[in-house]
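> Below is one structure. I have some questions about it.
The values are calculated or read from the model by the stated rules, or taken from the named source; none is laboratory data. Values in this document were obtained by computation on a predicted structure and should not be read as measured data. So basically every Cβ, Gly included, is an ideal-geometry build from the backbone, and we count neighbours across all protein chains shown.
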Amino acid sequence: MALKASALSVGDTHSEVVVDDLTRTQLVMYAGTSGDYNPLHTDDVYTREVAGYPGVFAHGMLSMGLTGKMLTNYVGDGRLKKFGVRFTNQVWPGDTLTSTAKVVEIRDEDGDKVVDLALETVNQYGKTVVTGSATARVDP
């Protein structure tokens, strides 16, 4: 069912868990899909001994993609006009991420009804890992 402007109010939120217990296998699968084989995301020994991190961590774009999953589940496929994020903290294997979209404004744009959304993805400790914004077409 398509999201309707008439059913939305500024301040409304939509949240969902986008990954539960992120695995190292998922990081390697994302590396293969994206072509980004940076060893920080796939090689635990390199990441610990050379780069000085406690272990491998997720690609920022994987975190963005997971946030986007929530977004398209909420507004529907093919409705996004704009989507941008900022990575604020690393995502580690074992993390569970919950993404939230908050309605900031409902307006007319180029003959369409659109909704502006503030985005936030947090880990299981409530620590923000992604912030951002999006604009999507909605039905009247």
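> So which of Gly65, Gly11 ends up being on the phi > 0 side of the Ramachandran plot and among the small types (Gly, Ala, Ser)?
Being on the phi > 0 side of the Ramachandran plot and among the small types (Gly, Ala, Ser) holds for just one of Gly65, Gly11, which is Gly11.
> When the residues of the stretch 5-22 are filtered to those that are exposed (fewer than 12 other Cβ atoms within 10 Å of the Cβ) and in contact (Cβ under 8 Å) with a residue 60 or more places away in the chain, which remaining residue is farthest from Leu66 (Cα to Cα)?
Selected residue: Ser6.
> Here is a further query. So, of the residues in the stretch 9-35 that are within 20 Å of Gly60 (Cβ to Cβ) and among the polar types (S, T, N, Q), which turns out to be farthest from the chain's Cα centre (by Cα)?
Applying the filter and picking the extreme gives Thr25.
> Now for a separate question. With respect to the numbered conditions (1) small (Gly, Ala, Ser); (2) within 25 Å of Val19 (Cβ to Cβ); (3) surrounded by fewer than 19 Cβ atoms within 10 Å (Cβ to Cβ), which one is the sole condition not fulfilled by Gly111?
Checking Gly111 against (1) small (Gly, Ala, Ser); (2) within 25 Å of Val19 (Cβ to Cβ); (3) surrounded by fewer than 19 Cβ atoms within 10 Å (Cβ to Cβ), the one that fails is (2).
> Still on this structure: Confirm whether Lys69 is in contact with an Asp or Glu (Cβ under 9 Å, 6 or more places away or on another chain), in a strand (DSSP E or B) and modelled with pLDDT of 95 or more.
no
> Could I ask something else about it? Quickly run through the stretch 35-50 and pick out the residues that are surrounded by 14 or more Cβ atoms within 10 Å (Cβ to Cβ) and either aliphatic (A, V, I, L, M) or not in a loop (DSSP other than H, G, I, E, B) (or both).
Within the stretch 35-50, Pro39, Leu40, His41, Thr42, Asp44, Tyr46, Thr47 qualify.
> Taking interchain pairs and intrachain pairs at least six residues apart, which have beta carbon atoms under 7 angstrom, with the first residue in the stretch 23-36 and more than 15 Å from Leu66 (Cα to Cα) and in contact (Cβ under 8 Å) with a residue 24 or more places away in the chain and the second surrounded by 11 or more Cβ atoms within 10 Å (Cβ to Cβ) and not charged (D, E, K, R)?
Arg24/Val56; Arg24/Pro93; Asp36/His59
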